[in-house]
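Report on the structure given below.
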Amino acid sequence: MGAGKRTRASRIGRWLAAAVALLLLVVIGAGVYARDAWQQLMANQAIQQFDWQGMHLSLEGIRADGFSLVSSDPARPFAVNGSGFVLGWDWQTLSLASVRVEQLDVDIPEWPEPAAGGSGAEPSLLPEQSPTWLPDTISVSSLRVDLPDDTEIRGNLYVELAPDPEQWRMETTELWVNGSLPDSEPGGWRIDGIEGRIGLAGTAGVASARLEVLAGSILTMNGVASPDGGETVRLEQVEVRPGGSTLEAGYSLSNRSLEKARLVGPLTLDVGMLQQANLKPQSWNFEGELDADLNRVDIRGAAKGAAGLALDVEARWPFSATPRVTVSAELEGSNASRILAETLEQWPAGIEISDGSLSANASVRLPDTGQSLEGKIIASGMSGIVDRMAWTGLNGTLELSMEDALVVRTSELQLAQLNPGVPLGPVSITGSYRAPLQALTKGAISLVRGRAGFLGGEARGKPGEWSLADLPLTVPVWLNDIQVDRLMTVYPAEGLAGSGTLQGEVPLVISREGVRVAGGNIRAVAPGGTLKLPADRLQALARNNETMDLVVRALQNFNYSVLNSTIDYDQEGTLNLGLRLEGSNPQVRDGHPIVVNINLQEDIPALLTSLQLSGRVNEAVTEKVRKLMEKREAGNGEN
């Protein structure tokens, strides 16, 4: 990096020194009375040819239609052509007052070679002391400089001279530099294909410069890659527009070195393609403020991706330390899920956001290898759909960190309701998830506290830790205070009624094939309750069977003291209940005790679909399910 800075600084210094020296050659050559000084300077600068065309002498000064000169030094070759030359003098002081050149073309085909001996030192192109006969000012209306490596300079230049060369000053209202820079690796980051067209206006002395970057200035790069070969971050087709910024620089013409430089002001950045493991490849735009020097680059502003995600960005890139980027975003309403799905590589499919807001902030460190992240995601009043379930009132904070592993924590994530057809809520979860970066879906879940309101009671997950890398895994869920009357009201059949309270345990077995329940159990809490099942729903069971006829008549108004049931649920969605009831019906067998053992089976996906189509979830879910069924039926019809 240091060598690159010195090389570019040396080129800038060489051009500034050469420009002043060449202008002096023209001025001195025009002074007929300075023949001795002119001949000496010609010899010192190895000028082999100097020609004038159409020279005119008058009381106001010297005019020439054109002039040209060529260097004979192979180590420092250059050629100069000019037109519209005017040298004016002051009769009172008998001195040169000014020099004006309408058009000045300078061709430097090769950069000057270092002095022999290996020290790299070069003789100064500026005199130690200005000759007394030098003019006060030199102005070039149109300057054209062709430098090595296809570098061009176009614009105007005004030079103020003084007896002390250290006080010489140059000024321009418009000077454009077009060219390319060699590929570089600041801080290990690879930047290639660097080209630019930069316009400058301002002043420069022999030791410092202050220049404004003109509108229309642009710097392009084919690619920017992180130190790990672009595995962490890669940018393609980068365009930087710093128009309106201010450049301040300090340099040494004797050492050909750039000692300090600072660029401050507005910045527009367009990236044709940003590639990062967690983001979908797309173009990005940035508008903000730039503050950069030879040791670091700082930017602050707003970035926006092609998918519509808007970010507030603050980035610090010290060339000798670890870059850090801080971003924050605010998303609201129905566009949030679309924007996130089109931006994030691993956004869960089927999640739709309809209301509420989501805010996120993250701080990312980009060391030479890998990356680290600290961030928060805050949900406020969010609602929407996930697959075929409606969810409302999501509030809480997720804390994320990523270095050698991804860690997600929540102290209390709350959801007012989750409704797949049978509403659950409020839901509250406290826990964490930790996964290796190489296998984000095979991490460990730690549940500290998890509960959900369910049918007037609650379902609680047993605290524990489970590894998704060791499937299948079993998560015990406790059921408490489940109200039978609420259970009856959610079933899509008329005439069902009941009372009582249930409790039990349902072990959820999670595998790659899905979720099932094996060996679950629920039971009634004393003193029991009542069940009222409509006769027309049970008549088919009683046909030609006296025992089942007794059961059907008893269950039309059954007072139970014991209710136990086993629960099994398979991956295909079939629920099996092994129900045992003990109680009586006052209208059956004079209220004598009856024991009922019955096996019930229910297709839960079909039941939920029926509930979803009935409008018990919300209109959006009903419409979604209807479209899915129409699509499925259309597919079956084609087959």
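The values are calculated or read from the model by the stated rules, or taken from the named source; none is laboratory data. Computed from a predicted structure; not experimentally measured. Note that we place each Cβ from the backbone using ideal geometry, even for glycine, and neighbour counts take in every protein chain shown. Heavy atoms of the whole protein, side chains included, go into the accessibility calculation; ligands, DNA and RNA do not. Shrake-Rupley method; radii C 1.70, N 1.55, O 1.52, S 1.80 Å.
Just read off the accessible area of residue 532 with the full protein assembly in place, 1.4 Å probe, to the nearest 10 Å².
90
The range 472-607: D in µm²/s via Stokes-Einstein (Kirkwood Rh, Cα pairs, 20 °C, 1.002 mPa s)?
134
Please compute the contact order of the range 472-607 in relative form: average sequence separation of alpha-carbon pairs under 8 Å and at least six residues apart, divided by the residue count, as a percent.
RCO, the range 472-607: 18 percent.
Local charge sum around residue 426 (other residues, Cβ-Cβ under 14 Å, Lys/Arg +1, Asp/Glu -1)?
In short, +1.
Which net charge results when you count Lys and Arg as +1 and Asp and Glu as -1 among the other residues whose beta-carbon is under 11 Å from that of residue 573? Each step should come with its number before you reach the end.
Working: positive: 516; negative: 570, 572, 602, 603.
Overall, the nearby charge balance is -3.
If you plug each phi of the range 233-239 into the Karplus form 6.51 cos²θ - 1.76 cosθ + 1.60 with θ = phi - 60°, what whole-Hz ³J(HN,Hα) values come out, in order, with x for Gly and Pro?
Going residue by residue, I get 9, 9, 10, 10, 6, 8, 10 Hz, with x marking Gly and Pro.
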